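Engineer: First, the structure itself, so that you have it in front of you.
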Amino acid sequence: MTLSVVDVTHRYAAMALELPAVLQNVSFDLTMGEQLLLRGISGSGKTTLFNILAGLLTPSHGTVTLADQSLYALSEAQRDHFRRNQIGYVFQTHHLLPILNAWENVAMPLAFGGESTTTRKERAMSLLADVGLADFATHKPHQLSNGQRQRVAVARALSNQPHMILADEPTASLDAESGANVIDLLQQTCRNANTILLVASHDPLLFSRFVRTVDLEYGHWVESTSQSEITQAESAHA
Ligand SMILES: Nc1ncnc2c1ncn2[C@@H]1O[C@H](COP(=O)(O)OP(=O)(O)OP(=O)(O)O)[C@@H](O)[C@H]1O
Ligand SMILES: [Mg+2]
């Protein structure tokens, strides 16, 4: 299973023509179990790219292929179905449903899979425990702090056992310890289930935790080689 992004360029319709495109000719591949940290200043296009990878925003140009399926060759309904089965997305703005409590929000993506309510609740409760919120399962989003809502959103993104996880600033509202726990959980899930993991963040605490790091600079994909790879390359040439 591979994610393949080829020559993606995006310009919002509302943008002034003299502005450069938000994303310019972005191409990269990620295979199962690979992790990538996406950095870039505010407004550099991280969320735009994640929305495109999630099948939520049709790029002006280019293709996104996941598990041999070209996302934008699908109809919108087929793409929604594909996303529910394949992709876990931790939105920057959470997008929890206000009328559902924490466990019901986490179990939401499972509603389409035909599992019983008991099974769905068990899975949701186990994920809430993983993010330290076992005691908040029946709280509605407005009864939770921002960081707690963020952790519910992380649990929800994992509930359908996705093949690709997109986490947009998943530690933004969290203290260092809760943030580290969330990243531990995402990286462990990635290792155990061979999931593709992309995290967008400008949290310096995360920088050393990813081998593959990319900066979005004025719409361009700038990939830096990690120090460990440089050391490996140097010893190979010694
Ligand atoms: N719906 C939209 N219509 C027009 N322009 C948009 C729209 N959404 C985002 N933009 C513009 O696209 C650029 C990239 O926005 P995006 O949200 O992808 O950045 P980001 O890197 O996620 O920023 P942040 O770190 O603040 O979350 C910004 O200049 C923004 O103004
Ligand atoms: Mg963003």
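The values are calculated or read from the model by the stated rules, or taken from the named source; none is laboratory data. Quantities reported herein were computed from a predicted structural model and do not represent experimental measurements. Note: ideal-geometry Cβ built from the backbone for every residue, glycine included; neighbour counts use all protein chains shown. The protein model used for the area step is the full one, side chains on, heavy atoms only, and it has no ligands, DNA or RNA in it. Shrake-Rupley method; radii C 1.70, N 1.55, O 1.52, S 1.80 Å.
Engineer: Failed condition for Ile41, given (1) open to solvent by 60 Å² or more (accessible area, probe 1.4 Å); (2) assigned to a helix (DSSP H, G or I); (3) within 16 Å of ligand 1 (Cβ to nearest atom); (4) aliphatic (A, V, I, L, M), with all others met?
Structural biologist: In the conditions (1) open to solvent by 60 Å² or more (accessible area, probe 1.4 Å); (2) assigned to a helix (DSSP H, G or I); (3) within 16 Å of ligand 1 (Cβ to nearest atom); (4) aliphatic (A, V, I, L, M), Ile41 misses (2) alone.
Engineer: A further question follows. Mind checking which pairs have a first residue in the stretch 4-18 that is among the basic types (Lys, Arg) and a second that is open to solvent by 50 Å² or more (accessible area, probe 1.4 Å), Cβ under 7 Å, 6 or more apart or different chains?
Structural biologist: That search, which allows pairs on different chains as well, returns Arg11/Ser60.
Engineer: Restricting to the stretch 1-32, give me the number of residues that are of a type outside the set (Ser, Thr, Tyr) and surrounded by 14 or more Cβ atoms within 10 Å (Cβ to Cβ).
Structural biologist: The total comes to 16.
Engineer: So, in the stretch 188-207, how many residues would count as being at pLDDT 90 or above and open to solvent by 10 Å² or more (accessible area, probe 1.4 Å)?
Structural biologist: Of the residues in the stretch 188-207, 6 are at pLDDT 90 or above and open to solvent by 10 Å² or more (accessible area, probe 1.4 Å).
Engineer: A further question follows. State yes or no: is Ala13 more than 18 Å from the chain's Cα centre (by Cα), within 11 Å of ligand 1 (Cβ to nearest atom) and closer than 16 Å to Trp221 by Cβ?
Structural biologist: Criteria not met by Ala13.
Engineer: For the stretch 115-151, which positions are among the charged types (D, E, K, R), within 23 Å of Asp175 (Cβ to Cβ), crowded, with 16+ Cβ neighbours inside 10 Å and free of Cβ contacts under 8 Å to residues at least 40 places away in the same chain?
Structural biologist: Arg151, the sole residue that qualifies.
Engineer: Just checking, which of Asp135, Asp130 is of a type in the set (Asp, Glu) and over 16 Å from Asn160 (Cα atoms)?
Structural biologist: Asp135
Engineer: Can you run down the residue pairs with Cβ atoms below 8 Å, 6 or more apart or on separate chains, where the first is in the stretch 75-93 and under 15 Å from Ala155 (Cα atoms) and the partner is loosely packed, with under 14 Cβ neighbours inside 10 Å?
Structural biologist: The qualifying pairs are Arg84/Phe112.
Engineer: Please work out which one of (1) closer than 17 Å to Leu198 by Cβ; (2) part of a loop (DSSP other than H, G, I, E, B) is the condition Leu97 fails and give its number.
Structural biologist: For Leu97, the exception is condition (1).
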